[in-house]
Structure formats: structure tokens, C-alpha cells
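The values are calculated or read from the model by the stated rules, or taken from the named source; none is laboratory data. This one's a predicted model, so the numbers in the text were calculated from it and none came from an experiment. Neighbour counts are summed over all protein chains in view; Cβ atoms, including those assigned to glycine, are modelled from backbone coordinates with ideal geometry. Accessible surface areas use protein heavy atoms only, side chains included; no ligands, DNA or RNA. Shrake-Rupley method; radii C 1.70, N 1.55, O 1.52, S 1.80 Å.
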Amino acid sequence: MTITDSNRAGQDFQCSLQSPEPSLFEEFLPLAAIATTPLGAKRLQVLTELLQTTLWVPASVTSESSCIQVYQKPLQDHLAQLWDQQKSLVFCLTTGAVVRLIAPLLQNKETDPAVVVVDEAGKFVISLCGGHQGGADRLTQLIALQIGATPVLTGASNRLGLPGIDVLGVPYGWTKGEGDWTGVSAAIARQDPVQVIQETGSTLWRSHLPKHHSFQFGFPEFTATVQEEVLEPTARVWISAIQRRFAPDSGKVQWHPRVLWVGIGCERGTSKALIGQAIREVFAAHHLAEGAIAGIATIDLKADEVGLLDFCRDWLRQAPKDCALPLKCFSAEDLRKVNVPTPSDVVEAEVGTPSVAEAAALLAANLLAADFVTDRAGAKLLDTNPSSDPHPPLLIPKQIVRQAGQPGAVTIAVAQSPQEYTGRTGKLWLVGIGPGELAQITPAAQSAIAHADVVIGYSLYVDLVAPILRPGQIVEALPITQERQRAERAIQLANWGLTVAVISSGDCGIYGMAGLVLEELRAQEWTGTPDVQVFPGITALQATAARVGAPLMHDFCAISLSDLLTPWEVIEKRLTAAAQADFVTALYNPKSQTRTGQIAIAQQIFLQHRDRATPVALVRSAYRPDEEIRFTTLEKLLDEPIDMLTTVLIGNQSTQMYCDRMITPRGYLGFGR
Ligand code: SAH
């Protein structure tokens, strides 16, 4: 995005923050902003008004904004109060002052809020603290995109184009385990070889690393009792359902994808404490990580079991904001169809299935696999670990846990799904990226692209937005012909829990991907999740019009000459209607290498209703480096080169050329002159 210096330095800078999409900021809330000067307050005011958050100022700064509140105590004391309650803090203050203010409050990077500093001139946005886990790097990028400032990110992973190792699993809902996170981050920053042993979870992240990185991948056989290898790499990252213990400076870290489904059978009245204890005991005995629990599975008779429900609820309280511990309940009829290692006649007599815990765990693990690993045609879509079994056997057969003095008994079995449960609600952002230059993309669209977990689009458009992509983002560029695949892929990743930006040139909803994605969703009986949001873009007709003058000043229409998806008779009917009604007309998709006749027919139709000398503009690749602009007349239209990168603008009966500008009079100086 280019923004002029006068705009940056000017007094009307409030306008430079161009109505960002509030939903893009969701994960950074609650957010508080702090400014100590009138200029600083104005700089942050639009952001805080939009997000309905508080902008704190000293009594010396006056303002009428409803979002502004005055702090009465010294700022240091006031900040101490805000610190624990905010997810993000945005200062408009010198960095030195901010460093001194926050220094006594910093605890650790897992809990400290994101701290971002904006300079008074609005030229720079600095990610000061909490860059990865606090989300300060992302927040910095979002604010910078919105105000046309330069984001200042100093983290090494950013320089190396890598996802931060301490946030690697966040998009997939992985749980961060114990480990020497500082040591491993330092090793990555030094570009030392870092061994990655991924036993489970999506491998999507690995196919989107930069060409040069220092990760080495290894796949030891998965067993519940894996011993650590004796080999001494500089650092090691485990991605596993197993809980490993590391020494403080071990140079080892672990992520736990949520792949384990805990099947539970319990007697009526079993307490949540006993359920919790049973899971802890079984997991400890088998070296499994509790962070790898995807959910609980049981029989539908237990859907109202108080201890079980309380356990799921309590677990939720410790989990990150958007993570849920699902309780999946199956009927006895479904459970009895599952082959299990330890069936029981007693259980069958009681509830109508020989197995609850084992069968429920297996059903839940395989259901998830069926939902996410394959598409409707059965093809594998999500990238699962090559070593994982698509139909895994039970990991832990049933274990019965009782405790003296506690009522009830708990039966536990564990199955491992080949696909992790993200626990996140996905989003589909349908983004128009304008005609072909970064400066022509709206700030909201830029922010959506920079912020999404995944960016999907036709390769040419992906190249176009490359400067705003983020290290570690999953970027999938597909050939131009594969629109449906792009839509299906985007929906599947969003159903899985990721935030997916689907990019289209121009406007996403004008012969773009927005309609296709929504149609696909409707075909899949979508009920509103994943959430869908459309980000508008400058469409070809606006972009080309701007390059040639003001041809759209009166009523106009767009017609695509592509008969791939629309019958030609329909297109002809619309051409006739547009020509008759004297609409200025933009022809999209005018001519391809194989489809050459339609533009000639269109010309003939227009010639029946308009003068032969009617001005016509042919704009090819507007706002791209190879842009070409030609003016001609309706009569001579076919003498000029026209292709699929061209938009044809046909004037109405009063459109005129003047000084190489195409002008359609609105009527201010007399109608039709
Ligand atoms: N969603 C796009 C349109 C896609 S249809 C939009 O809103 O602009 C593709 C057609 O759009 C092309 O055949 C061409 O006619 C037109 N087009 C797209 N980008 C263009 C550009 N930069 N310059 C001229 N025409 C363009």
C-alpha cells in the first residue's frame, strides 16, 4: 500500500485509519490503548472507537470521544491494574517510556499481553513484546496495514520466513507442552539444525516452509512407550501425543496435537474428581499427554451424567479461549457395531452394547477421520502424517479405575484419530484483491489476507499479494481452471477450524470466488459455521474506467461473454437489452484463444442500437506492469487485440472522447452533451 507523505504527516490523520474490520481484531480483545498527548490520542482514537475499547489518557488530554477515559493515578499504577485484564495493550508513546512502564510488570511470554507501540507520526507500528504467543506481531501487522505504517517486527522467525516455533500449532489447536522453548527458539534463530519428530497431527505446515530452513524431519515408529533417542541434535521438536519430560536446558520442546479420544463408561453418580483422576492415572501410566485429548466419547445414556459434564466444563476453563472439549455420545445401537478387544456380557446386559468406553473411543476417533481426512469422493484432502494409520486400532484398551472412599467406577479406553481435532471455529474470508496492484487493495482486505491461517487463490493472484503474506502462513496457489477445487479445499480447511482467505482478482463477488464458495456451502447444507465474510475489492470495470476517464458516470452494466457457465442465448439476450437500454457496458471475459466469435456478435448487437462512432475503450491488465490502454470505436472494435486480460468498455449514446479521456456526461452541463 502506498500512502503519501502529506497524508501521513497531515492533520487529518484520523481519516487515514480506514474503517478496519472489527472482527479481524477479535483475538486481540480485550485491548486497551494508552496515549499521553492529544496527537497520540487522536492517532489511536479511531481504532478504539471501532473496537469499542477504551483509550486511556491523562487529565491534560481532553476529548469528546465516548471511548476515551482519563486515568487519575500515575500511569505506572494505572498500567499495573490493566496488565492482567488485557490481552493487548497499544501505546502511542516513545518506546523508551513504554519499556520502563512495562518492565516491572513482565512475567512470562505465555501470559503477558501483546504490547504494541505506534509512533505519533503514525509511520511505524512496533511489536514490542509478546510477539508470538501474545500475538503482538500479528496485531502490529494489522494496525500497520490499517494506518499505512511500516510494521516493525524484530523476531528471528520473521527474518527467516518461518512460523514461530512457540505458535506453530496454534492454527491446528495443538497444545503447547513442556520444554525449553527459549533454547529451541534460539537454535532456530541461529539456523542450527533442529530435528523435528512428528508422530501425529497435520503436516500441512511442513509443505509451506521457505526453501531454506534448518529443520530435519524424522519419523520414528509410534508406540506408547517411545524412549528418547540417544542422538544429540542441537535442538529437537516433538509433535506427539506422548508426554515427555525434559531437563530445563534440554533444547527440546513438544507440541501435542489433539488426537486422543477418551472413551468413558462410568457408574451413575461417579464424581468429576474420579473421572479426572482416572484420566490422569491412565495417561500417566501410558506416557500420554493430557494436552493431546481431543474429546470425551461415551454412550448417549451418559449425556446427562453430572460428573462427566462437570469434568468437560472444568477442563474447558483451563483451555485457551476458543478451544472446546467436546462430549460425543453414541447410541447403544451404533456402539455394538464396533469390534472391540474387550467386550463384556455384563455391560451388554445393562446398556445394550458389549462395550461403551472402547467402542465410543474408536467411533469418535474414526468419525473425525471420516469428517476431515477425506472428501466426499473419498480422496485424501488434509495432510495427515504419513506414519499415521487411517483406521487406527485402540491405543489403550479399557482400564477400570476405582478409588476407596469415592462412589462409582470409571472405565477408560483411548483411541487415536489420524486427524487432530482443532477445537476452533473456522472462518471463510472471501477477499477481493482489486485489479492487480497492492495499492488498490482495501486495507481491510489486506488485513484479512495477512491475518488468515490459510490463503488460497489462483497462482497469479497469490504472487500479487506475496508482499503482505506472513511467515508460516499456509499458502495454496492452484491453477486457474480449478475454481471448484479451490472452493472445496477452502471449505474443508475452514470446517476443520482454520481461518481461510480465498482471494479473487477485482471483487470477489463479481465473477469471482465468493458466489462459488457460497453455492458450495449451500450444497453442503451449511448452517452458518464456518462464518463467512466477504471483503469487497475494486472490480475490473471500476479499475478500467478509472484508467480511461469517467465512462461510468451514467447507468451501466457488466456482461461476461464467457459461455462456459451461462448459455449463449442468455448472454445474447442481455447484450440486446443493454444495447437497447443505452447502458454503458463493460464486457468481461471478452475473448479467449478458443472462444473468439462472441465479441463479434456482441459488436453486431450494439451496432443495431448505437452509432458506429460510439467510443470504446480496451483496457488490458489495468494496474499491472503490462497494462495496455487502447481507444477505438464500436465499428473498429475488432481491429484491436482483445484477450482474456482485457475489459471492453462500450460508451452509451452520449459518451465522448476528449483529450484521450472517455467521458459519459452525467448531465450537470446539460443531458447528453
Ligand atoms: N472478479 C473479477 C472479474 C473476474 S472475470 C473482477 O471483479 O474484476 C475475469 C475478467 O475480468 C477478465 O477476462 C477481464 O475481462 C476482467 N479483468 C480482470 N482483471 C482485469 C484487469 N486488471 N484489467 C482488465 N480487465 C480485467
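Does the stretch 597-619 contain any residue that is within 29 Å of residue 461 (Cα to Cα), within 38 Å of the chain's Cα centre (by Cα) and polar (S, T, N, Q)? No, the conditions are met nowhere in the stretch 597-619.
Among the residues of the stretch 636-654, those identified as over 42 Å from the mean Cα position of the chain (by Cα) and crowded, with 16+ Cβ neighbours inside 10 Å are 637, 652, 654. When residue 418 is tested against the conditions (1) over 14 Å from the mean Cα position of the chain (by Cα); (2) surrounded by fewer than 21 Cβ atoms within 10 Å (Cβ to Cβ); (3) closer than 30 Å to residue 288 by Cβ; (4) modelled with pLDDT of 75 or more, the lone failure is (2). The C-beta contact set for the stretch 569-591 (first residue modelled with pLDDT under 95, second residue not acidic (Asp, Glu), distance under 8 angstrom, 6+ apart or interchain) is empty. For the stretch 519-538, the tally of residues that are within 16 Å of the ligand (Cβ to nearest atom) and of a type in the set (A, V, I, L, M, F, W, C) stands at 3.
Against the list (1) open to solvent by 30 Å² or more (accessible area, probe 1.4 Å); (2) within 10 Å of the ligand (Cβ to nearest atom), the condition residue 516 fails is (2).
Identification of strands (runs of 3 or more DSSP E) wholly contained in the stretch 429-510 with 2 or more residues that are open to solvent by less than 10 Å² (accessible area, probe 1.4 Å) and within 16 Å of the ligand (Cβ to nearest atom) yields 454-458, 499-504.
Could you go through the stretch 579-594 and let me know if any residue there is on the phi > 0 side of the Ramachandran plot, open to solvent by 10 Å² or more (accessible area, probe 1.4 Å) and touching a Ser or Thr at 6+ places or on another chain (Cβ under 6 Å). Yes, there is a match, as at least one residue in the stretch 579-594 is on the phi > 0 side of the Ramachandran plot, open to solvent by 10 Å² or more (accessible area, probe 1.4 Å) and touching a Ser or Thr at 6+ places or on another chain (Cβ under 6 Å).
In the stretch 537-555, the residues that are touching a residue at least 24 places away in the same chain (Cβ under 8 Å) form Cβ pairs under 6 Å with partners that are within 11 Å of the ligand (Cβ to nearest atom) and open to solvent by 30 Å² or more (accessible area, probe 1.4 Å), at six or more places apart or across chains, as follows: 538/440; 539/510; 541/558; 543/623; 547/629.
Scanning the stretch 111-129 for residues that are surrounded by fewer than 24 Cβ atoms within 10 Å (Cβ to Cβ) and in contact (Cβ under 8 Å) with a residue 40 or more places away in the chain yields a total of 3.
Against the definition (over 30 Å from residue 425 (Cα atoms), within 15 Å of the ligand (Cβ to nearest atom), open to solvent by less than 20 Å² (accessible area, probe 1.4 Å) and of a type outside the set (Val, Ile, Thr)), how does residue 541 come out, yes or no? Answer is yes for this residue.
Would you check which residues across the stretch 573-627 are among the aromatic types (Phe, Trp, Tyr), part of a loop (DSSP other than H, G, I, E, B) and within 16 Å of the ligand (Cβ to nearest atom) and list them? Once the filter is applied, which keeps residues that are among the aromatic types (Phe, Trp, Tyr), part of a loop (DSSP other than H, G, I, E, B) and within 16 Å of the ligand (Cβ to nearest atom), the stretch 573-627 yields only 623.
The one condition from (1) in a strand (DSSP E or B); (2) loosely packed, with under 14 Cβ neighbours inside 10 Å that residue 59 does not meet is (1). Is it the case that residue 558 is open to solvent by less than 50 Å² (accessible area, probe 1.4 Å), within 16 Å of the ligand (Cβ to nearest atom) and part of a helix (DSSP H, G or I)? Against the criterion (open to solvent by less than 50 Å² (accessible area, probe 1.4 Å), within 16 Å of the ligand (Cβ to nearest atom) and part of a helix (DSSP H, G or I)), residue 558 does not qualify.
Screening the stretch 262-292 for residues that are out of contact with any Pro (no Cβ under 8 Å at 6 or more places or on another chain), at pLDDT below 95 and not in a helix (DSSP H, G or I) and picking the one that is surrounded by the most Cβ atoms within 10 Å (Cβ to Cβ) gives 265. Of all residues in the stretch 391-415, those being part of a loop (DSSP other than H, G, I, E, B), open to solvent by 40 Å² or more (accessible area, probe 1.4 Å) and not small (Gly, Ala, Ser) number 6. Considering the stretch 23-51 alone, what residues qualify as being within 19 Å of residue 113 (Cβ to Cβ), in contact (Cβ under 8 Å) with a residue 24 or more places away in the chain and open to solvent by 50 Å² or more (accessible area, probe 1.4 Å)? Within the stretch 23-51, 27, 29, 30 meet the criteria.
Looking only at the stretch 140-187, residues that are in contact with a strand residue (DSSP E or B) (Cβ under 6 Å, 6 or more places away or on another chain) and in a helix (DSSP H, G or I) come to 7 in all. Might you let me know whether the stretch 156-178 holds any residue that is farther than 24 Å from residue 452 by Cβ, open to solvent by 20 Å² or more (accessible area, probe 1.4 Å) and not assigned by TED's automatic domain parsing to the domain that holds residue 41? Yes, the stretch 156-178 has at least one match.
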